[in-house]
Amino acid sequence: MASRAETTPARHGKGFWIALAAPGIIWLILLFIVPFYAVLAIAMGQLNRLFESPIPVWNPLHWSSSNVINVWHDLFGSTSFAGPIVIRTILYVAAASLLSLVIAYPAAYFVARFAGRRKGLFLILLIAPFWISYMMRMLAWVDLLQTNGYLNKTLSLSWVGISPVNWLGGHPYTVILGLVYGYIPYLILVLYAGLDRIDLSLIEAGRDLGLNRARTFAHITLPLSRQVILTGLLITVLPMIGDYYTNQLMSGAAKTSMVGNLIEGQLGTPGLEGQGAVLSLLLLLVLLIPLIYYVVATNRSSREAM
(Lines give C-alpha, C1' and ligand atoms only; values in the text may rest on other atoms or scores of the structure.)
Protein backbone atom coordinates (compact mmCIF):
# COMPACT_ATOMS: atom_id res chain seq x y z
CA MET A 1 0.00 0.00 0.00
CA ALA A 2 2.79 2.40 0.90
CA SER A 3 4.64 1.83 -2.38
CA ARG A 4 1.41 2.31 -4.33
CA ALA A 5 0.75 5.56 -2.49
CA GLU A 6 4.28 6.75 -3.25
CA THR A 7 4.00 6.08 -6.98
CA THR A 8 0.69 7.94 -7.31
CA PRO A 9 2.17 11.43 -6.67
CA ALA A 10 5.05 10.59 -8.98
CA ARG A 11 2.61 9.75 -11.77
CA HIS A 12 0.66 12.93 -11.14
CA GLY A 13 3.91 14.92 -11.21
CA LYS A 14 4.99 13.30 -14.48
CA GLY A 15 1.59 14.00 -16.01
CA PHE A 16 1.83 17.64 -14.93
CA TRP A 17 5.18 18.14 -16.65
CA ILE A 18 3.94 16.36 -19.79
CA ALA A 19 0.88 18.63 -19.89
CA LEU A 20 3.11 21.65 -19.32
CA ALA A 21 5.39 20.69 -22.21
CA ALA A 22 2.56 19.67 -24.57
CA PRO A 23 1.87 23.15 -26.05
CA GLY A 24 5.55 23.65 -26.84
CA ILE A 25 5.81 20.19 -28.40
CA ILE A 26 2.72 20.77 -30.54
CA TRP A 27 4.04 24.18 -31.57
CA LEU A 28 7.39 22.63 -32.53
CA ILE A 29 5.73 19.88 -34.57
CA LEU A 30 3.41 22.22 -36.46
CA LEU A 31 5.84 25.06 -37.13
CA PHE A 32 9.17 23.25 -37.50
CA ILE A 33 8.95 19.50 -38.09
CA VAL A 34 6.04 19.60 -40.56
CA PRO A 35 7.48 22.51 -42.64
CA PHE A 36 10.92 20.90 -42.52
CA TYR A 37 9.54 17.64 -43.89
CA ALA A 38 7.62 19.56 -46.57
CA VAL A 39 10.86 21.22 -47.71
CA LEU A 40 12.57 17.82 -47.66
CA ALA A 41 9.74 16.32 -49.74
CA ILE A 42 10.13 19.08 -52.34
CA ALA A 43 13.93 18.81 -52.35
CA MET A 44 13.81 15.06 -52.93
CA GLY A 45 10.71 15.24 -55.12
CA GLN A 46 10.13 15.51 -58.84
CA LEU A 47 9.38 18.23 -61.38
CA ASN A 48 6.23 18.67 -63.42
CA ARG A 49 7.72 19.38 -66.85
CA LEU A 50 4.43 20.70 -68.22
CA PHE A 51 3.84 23.40 -65.62
CA GLU A 52 7.45 23.71 -64.31
CA SER A 53 6.21 23.18 -60.75
CA PRO A 54 7.66 20.92 -58.04
CA ILE A 55 5.91 17.70 -57.08
CA PRO A 56 6.58 16.86 -53.43
CA VAL A 57 7.17 13.19 -52.71
CA TRP A 58 6.15 12.30 -49.17
CA ASN A 59 7.23 8.65 -49.23
CA PRO A 60 11.01 8.40 -48.59
CA LEU A 61 11.11 5.17 -50.62
CA HIS A 62 10.25 7.15 -53.76
CA TRP A 63 12.64 10.05 -53.27
CA SER A 64 14.81 11.23 -56.16
CA SER A 65 18.31 12.65 -55.94
CA SER A 66 18.13 14.68 -59.16
CA ASN A 67 17.87 18.03 -57.35
CA VAL A 68 20.79 17.14 -55.09
CA ILE A 69 22.93 16.24 -58.11
CA ASN A 70 22.04 19.49 -59.88
CA VAL A 71 22.92 21.54 -56.79
CA TRP A 72 26.20 19.66 -56.43
CA HIS A 73 27.12 20.54 -60.02
CA ASP A 74 26.14 24.17 -59.38
CA LEU A 75 28.43 24.28 -56.35
CA PHE A 76 31.43 22.22 -57.41
CA GLY A 77 31.01 21.35 -61.08
CA SER A 78 33.05 22.64 -64.01
CA THR A 79 30.32 25.18 -64.79
CA SER A 80 29.78 26.11 -61.15
CA PHE A 81 28.16 29.47 -60.53
CA ALA A 82 27.10 28.99 -56.90
CA GLY A 83 30.58 28.27 -55.54
CA PRO A 84 31.80 31.88 -55.78
CA ILE A 85 28.56 33.05 -54.17
CA VAL A 86 29.20 30.76 -51.18
CA ILE A 87 32.77 32.03 -50.81
CA ARG A 88 31.55 35.62 -51.11
CA THR A 89 28.97 35.01 -48.40
CA ILE A 90 31.61 33.62 -46.05
CA LEU A 91 33.87 36.63 -46.63
CA TYR A 92 31.03 39.13 -46.15
CA VAL A 93 29.79 37.47 -42.97
CA ALA A 94 33.32 37.16 -41.55
CA ALA A 95 34.06 40.84 -42.20
CA ALA A 96 30.68 41.97 -40.82
CA SER A 97 31.02 39.79 -37.71
CA LEU A 98 34.54 41.05 -36.96
CA LEU A 99 33.52 44.68 -37.45
CA SER A 100 30.41 44.15 -35.29
CA LEU A 101 32.54 42.68 -32.51
CA VAL A 102 35.03 45.57 -32.68
CA ILE A 103 32.17 48.06 -32.30
CA ALA A 104 29.93 46.10 -29.92
CA TYR A 105 32.46 44.96 -27.33
CA PRO A 106 33.62 48.46 -26.24
CA ALA A 107 29.99 49.66 -26.16
CA ALA A 108 28.85 46.72 -24.02
CA TYR A 109 31.93 47.01 -21.79
CA PHE A 110 31.29 50.71 -21.18
CA VAL A 111 27.64 50.12 -20.20
CA ALA A 112 28.53 47.19 -17.95
CA ARG A 113 31.46 48.87 -16.16
CA PHE A 114 31.23 52.65 -16.39
CA ALA A 115 27.57 53.58 -16.98
CA GLY A 116 26.83 53.74 -13.25
CA ARG A 117 23.39 55.04 -12.41
CA ARG A 118 22.76 55.79 -16.10
CA LYS A 119 22.96 52.08 -16.98
CA GLY A 120 19.17 51.87 -17.38
CA LEU A 121 19.18 54.78 -19.83
CA PHE A 122 21.92 53.20 -21.93
CA LEU A 123 20.07 49.87 -21.95
CA ILE A 124 16.95 51.60 -23.24
CA LEU A 125 19.02 53.19 -26.00
CA LEU A 126 20.48 49.79 -26.87
CA ILE A 127 17.05 48.15 -27.00
CA ALA A 128 15.46 51.04 -28.93
CA PRO A 129 16.40 49.65 -32.41
CA PHE A 130 14.27 46.57 -31.67
CA TRP A 131 11.20 48.81 -31.47
CA ILE A 132 11.57 49.47 -35.21
CA SER A 133 11.21 46.67 -37.74
CA TYR A 134 14.30 45.47 -39.58
CA MET A 135 12.76 46.49 -42.92
CA MET A 136 12.16 50.06 -41.76
CA ARG A 137 15.72 50.34 -40.44
CA MET A 138 17.12 49.14 -43.77
CA LEU A 139 14.89 51.55 -45.71
CA ALA A 140 16.15 54.39 -43.51
CA TRP A 141 19.70 53.34 -44.35
CA VAL A 142 18.79 53.43 -48.06
CA ASP A 143 17.42 56.95 -47.68
CA LEU A 144 20.68 57.93 -46.03
CA LEU A 145 22.95 56.47 -48.73
CA GLN A 146 21.06 57.06 -51.97
CA THR A 147 22.50 59.49 -54.52
CA ASN A 148 20.43 62.43 -53.30
CA GLY A 149 20.47 61.20 -49.71
CA TYR A 150 21.62 62.99 -46.60
CA LEU A 151 25.16 61.58 -46.68
CA ASN A 152 25.86 62.78 -50.21
CA LYS A 153 24.26 66.14 -49.43
CA THR A 154 26.64 66.51 -46.49
CA LEU A 155 29.66 65.46 -48.55
CA SER A 156 28.77 67.90 -51.33
CA LEU A 157 28.84 70.91 -49.03
CA SER A 158 31.30 73.60 -50.02
CA TRP A 159 33.56 73.05 -47.00
CA VAL A 160 33.78 69.30 -47.72
CA GLY A 161 33.91 69.36 -51.51
CA ILE A 162 33.37 65.66 -52.24
CA SER A 163 31.23 64.76 -55.24
CA PRO A 164 28.22 62.46 -54.67
CA VAL A 165 29.05 58.76 -54.34
CA ASN A 166 26.82 55.97 -55.63
CA TRP A 167 26.85 54.03 -52.36
CA LEU A 168 24.07 51.70 -53.47
CA GLY A 169 25.70 50.80 -56.78
CA GLY A 170 26.77 47.26 -55.87
CA HIS A 171 29.68 47.87 -53.49
CA PRO A 172 30.71 45.07 -51.10
CA TYR A 173 31.49 47.47 -48.26
CA THR A 174 27.93 48.85 -48.38
CA VAL A 175 26.50 45.34 -47.97
CA ILE A 176 28.90 44.60 -45.11
CA LEU A 177 28.01 47.84 -43.34
CA GLY A 178 24.33 47.03 -43.84
CA LEU A 179 24.80 43.64 -42.16
CA VAL A 180 26.63 45.30 -39.28
CA TYR A 181 23.93 47.92 -38.89
CA GLY A 182 21.16 45.33 -38.93
CA TYR A 183 22.54 42.78 -36.47
CA ILE A 184 24.87 44.64 -34.12
CA PRO A 185 22.15 45.36 -31.50
CA TYR A 186 21.83 41.62 -30.85
CA LEU A 187 25.56 41.33 -30.27
CA ILE A 188 25.72 44.33 -27.95
CA LEU A 189 22.94 43.03 -25.72
CA VAL A 190 24.47 39.56 -25.46
CA LEU A 191 27.91 40.96 -24.67
CA TYR A 192 26.47 43.30 -22.06
CA ALA A 193 24.60 40.47 -20.34
CA GLY A 194 27.82 38.45 -20.08
CA LEU A 195 30.13 41.29 -19.07
CA ASP A 196 27.71 42.51 -16.41
CA ARG A 197 27.83 39.08 -14.71
CA ILE A 198 31.62 39.02 -14.32
CA ASP A 199 32.52 39.07 -10.63
CA LEU A 200 34.15 42.41 -9.86
CA SER A 201 36.16 40.82 -7.04
CA LEU A 202 38.19 38.93 -9.67
CA ILE A 203 39.08 42.19 -11.38
CA GLU A 204 39.94 43.79 -8.05
CA ALA A 205 42.13 40.80 -7.20
CA GLY A 206 44.05 41.30 -10.43
CA ARG A 207 44.58 44.97 -9.62
CA ASP A 208 45.73 44.05 -6.11
CA LEU A 209 48.31 41.72 -7.62
CA GLY A 210 49.86 44.62 -9.51
CA LEU A 211 48.21 44.38 -12.90
CA ASN A 212 47.44 47.63 -14.67
CA ARG A 213 44.12 48.23 -16.43
CA ALA A 214 45.26 46.87 -19.77
CA ARG A 215 46.76 43.67 -18.33
CA THR A 216 43.75 43.17 -16.06
CA PHE A 217 41.50 43.35 -19.09
CA ALA A 218 43.72 41.03 -21.14
CA HIS A 219 44.24 38.40 -18.43
CA ILE A 220 40.92 38.48 -16.56
CA THR A 221 38.05 40.25 -18.32
CA LEU A 222 38.71 39.02 -21.85
CA PRO A 223 39.16 35.31 -20.92
CA LEU A 224 36.03 35.42 -18.76
CA SER A 225 34.06 36.92 -21.63
CA ARG A 226 35.24 34.39 -24.21
CA GLN A 227 32.10 32.28 -23.90
CA VAL A 228 29.77 35.25 -24.22
CA ILE A 229 31.70 36.43 -27.30
CA LEU A 230 31.11 33.02 -28.85
CA THR A 231 27.41 33.23 -27.98
CA GLY A 232 27.03 36.72 -29.43
CA LEU A 233 28.84 35.85 -32.64
CA LEU A 234 26.70 32.74 -33.03
CA ILE A 235 23.50 34.77 -32.67
CA THR A 236 24.64 37.28 -35.29
CA VAL A 237 26.44 35.00 -37.76
CA LEU A 238 23.57 32.53 -38.23
CA PRO A 239 21.02 35.07 -39.52
CA MET A 240 23.71 36.91 -41.51
CA ILE A 241 24.49 33.80 -43.57
CA GLY A 242 20.88 33.37 -44.67
CA ASP A 243 20.16 37.08 -45.07
CA TYR A 244 19.02 38.21 -48.51
CA TYR A 245 17.00 41.34 -47.80
CA THR A 246 19.98 43.48 -46.77
CA ASN A 247 21.89 42.70 -49.95
CA GLN A 248 18.78 43.24 -52.04
CA LEU A 249 18.28 46.75 -50.65
CA MET A 250 21.90 47.83 -50.28
CA SER A 251 23.11 46.59 -53.63
CA GLY A 252 20.79 44.51 -55.77
CA ALA A 253 23.74 43.68 -58.02
CA ALA A 254 24.66 40.15 -59.03
CA LYS A 255 28.31 40.72 -58.13
CA THR A 256 27.41 41.08 -54.43
CA SER A 257 24.75 38.36 -54.20
CA MET A 258 24.90 35.98 -51.24
CA VAL A 259 23.57 32.51 -50.51
CA GLY A 260 20.28 33.91 -49.26
CA ASN A 261 19.78 35.76 -52.56
CA LEU A 262 20.58 32.58 -54.46
CA ILE A 263 18.01 30.55 -52.50
CA GLU A 264 15.40 33.31 -52.79
CA GLY A 265 15.94 33.51 -56.53
CA GLN A 266 15.64 29.78 -57.06
CA LEU A 267 12.52 29.48 -54.92
CA GLY A 268 10.92 32.21 -57.05
CA THR A 269 11.93 30.71 -60.40
CA PRO A 270 9.62 28.09 -61.98
CA GLY A 271 11.35 24.73 -62.20
CA LEU A 272 14.10 25.55 -59.69
CA GLU A 273 12.10 25.32 -56.45
CA GLY A 274 13.46 21.85 -55.75
CA GLN A 275 17.06 23.05 -56.04
CA GLY A 276 16.25 26.00 -53.80
CA ALA A 277 14.89 23.57 -51.21
CA VAL A 278 18.10 21.52 -51.41
CA LEU A 279 20.20 24.65 -50.90
CA SER A 280 18.07 25.59 -47.89
CA LEU A 281 18.68 22.18 -46.34
CA LEU A 282 22.42 22.37 -47.07
CA LEU A 283 22.54 25.79 -45.42
CA LEU A 284 20.77 24.32 -42.39
CA LEU A 285 23.34 21.52 -42.18
CA VAL A 286 26.20 24.03 -42.36
CA LEU A 287 24.66 26.13 -39.61
CA LEU A 288 24.36 23.07 -37.39
CA ILE A 289 28.17 22.87 -37.19
CA PRO A 290 28.66 26.07 -35.13
CA LEU A 291 25.57 25.19 -33.09
CA ILE A 292 27.04 21.82 -32.13
CA TYR A 293 30.39 23.42 -31.37
CA TYR A 294 28.65 25.99 -29.16
CA VAL A 295 26.80 23.30 -27.20
CA VAL A 296 30.02 21.29 -26.72
CA ALA A 297 32.00 24.37 -25.67
CA THR A 298 29.27 25.45 -23.25
CA ASN A 299 29.12 22.03 -21.63
CA ARG A 300 32.90 21.94 -21.33
CA SER A 301 33.04 25.36 -19.67
CA SER A 302 30.22 24.38 -17.28
CA ARG A 303 32.13 21.27 -16.21
CA GLU A 304 35.30 23.30 -15.70
CA ALA A 305 33.40 25.83 -13.59
CA MET A 306 32.15 23.04 -11.32
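The values are calculated or read from the model by the stated rules, or taken from the named source; none is laboratory data. Bear in mind the structure is a predicted one, so any value in this text is a computation, not a measurement. All Cβ positions, even for glycine, are placed from backbone atoms using ideal geometry, and neighbour counts span all protein chains on display.
Inspect all residues belonging to the stretch 16-38 and state whether any of them is in contact (Cβ under 8 Å) with a residue 24 or more places away in the chain, under 28 Å from the mean Cα position of the chain (by Cα) and on the phi < 0 side of the Ramachandran plot. No; the residues of the stretch 16-38 include none that is in contact (Cβ under 8 Å) with a residue 24 or more places away in the chain, under 28 Å from the mean Cα position of the chain (by Cα) and on the phi < 0 side of the Ramachandran plot.
Can you name the number of the only condition in (1) surrounded by fewer than 15 Cβ atoms within 10 Å (Cβ to Cβ); (2) among the aliphatic types (A, V, I, L, M); (3) touching a helix residue (DSSP H, G or I) at 6+ places or on another chain (Cβ under 7 Å) that ALA94 fails? The number of the failed condition is (3).
Here's the yes/no breakdown for (1) exposed (fewer than 15 other Cβ atoms within 10 Å of the Cβ); (2) part of a loop (DSSP other than H, G, I, E, B):
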site	(1), (2)
LEU98	yes, no
ALA104	no, no
PHE110	yes, no
LEU125	yes, no
ASP143	yes, no
ASN152	no, no
LEU157	yes, yes
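Taking the listed residues THR269, THR298, the one that is more than 24 Å from the chain's Cα centre (by Cα), farther than 26 Å from GLY116 by Cα and either modelled with pLDDT under 85 or not in a helix (DSSP H, G or I) (or both) is THR269, with no other qualifying.
Let's see how each residue does on (1) small (Gly, Ala, Ser); (2) closer than 23 Å to GLY252 by Cα:
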{"residue": "THR89", "(1), (2)": "no, yes"}
{"residue": "LEU101", "(1), (2)": "no, no"}
{"residue": "LYS119", "(1), (2)": "no, no"}
{"residue": "MET135", "(1), (2)": "no, yes"}
{"residue": "GLY170", "(1), (2)": "yes, yes"}
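Considering the conditions (1) out of contact with any Ser or Thr (no Cβ under 7 Å at 6 or more places or on another chain); (2) within 24 Å of ILE184 (Cβ to Cβ), GLY276 is excluded by exactly one of them, (2). Scanning the stretch 28-68 for residues that are in contact with a strand residue (DSSP E or B) (Cβ under 8 Å, 6 or more places away or on another chain) and part of a loop (DSSP other than H, G, I, E, B) yields GLY45, VAL57, SER64. With respect to the stated conditions, ILE188 fails to be in contact with a Ser or Thr (Cβ under 6 Å, 6 or more places away or on another chain), surrounded by 19 or more Cβ atoms within 10 Å (Cβ to Cβ), under 25 Å from PHE130 (Cα atoms) and in contact (Cβ under 8 Å) with a residue 40 or more places away in the chain.
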